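To keep things clear, I will list the structure first and then write my remarks on it.
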Amino acid sequence: MSMYNEVAVDATMGGYDVAMPSALFSYTGGVNAGKYFSTGVTLGYDPWRGQMLSALKLKGLLPLEKVHFYASASGGIRTTFEETCTSLSFSVGVGVKSRKHIKNSFNIGPVLELVKVKDKKDWAPLVGIRLGYQF
């Protein structure tokens with residue numbers, strides 16, 4: 001097992017009544033559980049919505065020679081310290097490995113985040129793109 005680290009930004013649009021932009025900057029630290037899976041804790045901040053994120057993340061990889069395909073899922077909470085929302089996030093995409101080190105890669109793919117406020121009945125979707133760097 002080895003360490004798993006990733007920094008990412010999710011640029012999304014969505015919400016309950018009015019579609020608002022969102023830019024979630026996050027760091028995930030954890031372990032690579034073999035060649036195909038990694039898991040860790042994600043901490044993030046969304047300055048446009050003023051929310052902090054804490055979540056557990058699971059990421060699966062299909063590694064090829066110079067590229068890999070990934071699927072990731074995470075679940076946790078977004079909070080403004082006045083209001084707490086449940087958050088589920090899903091992303092699939094492709095990554096390109098760095099020439100210098102096989103663990104380093106740049107990732108890009110679509111992301112769907114579902115947020116549920118305690119008082120609301122439905123989940124609000126946030127849809128966009130995830131850019132990440134795994135090291």
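Entry remark, the stretch 86-135: residues being in a loop (DSSP other than H, G, I, E, B), basic (Lys, Arg) and either under 21 Å from residue 5 (Cα atoms) or under 15 Å from the mean Cα position of the chain (by Cα) (or both) number 3 in total. State yes or no: is residue 78 among the charged types (D, E, K, R), assigned to a strand (DSSP E or B), surrounded by 14 or more Cβ atoms within 10 Å (Cβ to Cβ) and without any contact (Cβ under 8 Å) to a residue 40 or more places away in the chain? Yes: the conditions hold for residue 78. Open to solvent by less than 70 Å² (accessible area, probe 1.4 Å), aliphatic (A, V, I, L, M) and touching a Leu at 6+ places or on another chain (Cβ under 7 Å): does that describe residue 115? So residue 115 passes the test. For the stretch 89-107, which positions are open to solvent by less than 60 Å² (accessible area, probe 1.4 Å) and modelled with pLDDT of 90 or more? Listed by number, the residues that qualify are 89, 91, 93, 94, 95, 107. Looking only at residues in the stretch 48-64 that are within 20 Å of residue 27 (Cβ to Cβ) and open to solvent by 70 Å² or more (accessible area, probe 1.4 Å), the one that is modelled with the lowest pLDDT is 48. Got at least one residue in the stretch 15-26 being on the phi > 0 side of the Ramachandran plot and either more than 10 Å from the chain's Cα centre (by Cα) or among the aromatic types (Phe, Trp, Tyr) (or both)? Among the residues of the stretch 15-26, at least one is on the phi > 0 side of the Ramachandran plot and either more than 10 Å from the chain's Cα centre (by Cα) or among the aromatic types (Phe, Trp, Tyr) (or both), which makes the answer yes.
Among the residues of the stretch 82-114, write down those that are free of Cβ contacts under 8 Å to residues at least 60 places away in the same chain and aliphatic (A, V, I, L, M). The answer is 88, 92, 94, 96, 102, 108, 112, 114.
Out of the residues in the stretch 1-36 that are acidic (Asp, Glu) and either touching a Leu at 6+ places or on another chain (Cβ under 6 Å) or surrounded by 19 or more Cβ atoms within 10 Å (Cβ to Cβ) (or both), which is farthest from residue 109 (Cα to Cα)? Result: 6.
Is it the case that the stretch 65-76 has a residue that's polar (S, T, N, Q) and closer than 18 Å to residue 25 by Cα? Yes - at least one qualifying residue is present in the stretch 65-76.
The values are calculated or read from the model by the stated rules, or taken from the named source; none is laboratory data. Computed from a predicted model, the values in this text were never measured in an experiment. Note that each Cβ is placed from the backbone with ideal geometry, even for glycine, and that neighbours are counted across all protein chains shown. With ligands, DNA and RNA removed, areas are computed over all heavy atoms of the protein, side chains included. Shrake-Rupley method; radii C 1.70, N 1.55, O 1.52, S 1.80 Å.
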